[in-house]
Amino acid sequence: MIEYRPAWAQHVRGEYTERDADSEQTYKVTCETCGESWGPAKCLSGRVRNHIATFAMHHLHRKPLMEPIPPKR
């Protein structure tokens with residue numbers, strides 16, 4: 001399994017299998033803040049990182065339009 005965390009949502013941990021030509025991938029996503037998870041699920045498109053990022057959008061655990069994003073250090 002390959003681990004992927006969106007740079008803007010490091011509390012979301014995604015894992016997915018490598019993709020071979022014309023095969024499906026399996027992925028699983030977990031929010032380390034609230035413990036909610038999705039998967040294992042299958043992806044035929046090869047866009048598993050997009051699925052992980054979509055999950056992360058729903059698990060920001062802050063109000064993105066109301067609170068400023070802290071600067072990177």
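The values are calculated or read from the model by the stated rules, or taken from the named source; none is laboratory data. Bear in mind that the values here come from a model prediction, so they are computed numbers and not experimental data. For neighbour counting, all protein chains shown are included, and Cβ atoms are generated from backbone atoms with ideal geometry for every residue, glycine included.
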> Looking only at residues in region 35-57 that are surrounded by 15 or more Cβ atoms within 10 Å (Cβ to Cβ) and of a type in the set (Val, Ile, Thr), which one is farthest from TYR4 (Cα to Cα)?
Replying inline: VAL48
>> Suppose the filter is at pLDDT below 85, of a type outside the set (Asp, Glu), at negative phi and in contact with a Ser or Thr (Cβ under 9 Å, 6 or more places away or on another chain); does HIS11 pass it?
In response: no
> Just checking, which of LYS72, LYS42 is among the basic types (Lys, Arg) and either modelled with pLDDT of 90 or more or on the phi > 0 side of the Ramachandran plot (or both)?
Replying inline: LYS42
> Does any residue of region 22-34 turn out to be under 14 Å from MET1 (Cα atoms), within 12 Å of the chain's Cα centre (by Cα) and either modelled with pLDDT under 90 or aliphatic (A, V, I, L, M) (or both)?
Replying inline: yes
> Using beta carbons and a limit of 9 Å, which pairs, at least six apart or on different chains, have the first residue in region 11-36 and closer than 16 Å to MET57 by Cβ and the second one surrounded by fewer than 16 Cβ atoms within 10 Å (Cβ to Cβ) and small (Gly, Ala, Ser)?
Replying inline: TYR27/ALA41; VAL29/SER37; VAL29/ALA41; THR30/SER37; CYS31/SER37
> Do you know which residues across region 44-61 are out of contact with any Cys (no Cβ under 9 Å at 6 or more places or on another chain), in a loop (DSSP other than H, G, I, E, B) and touching a residue at least 12 places away in the same chain (Cβ under 8 Å)?
Replying inline: LEU44, GLY46, LEU60
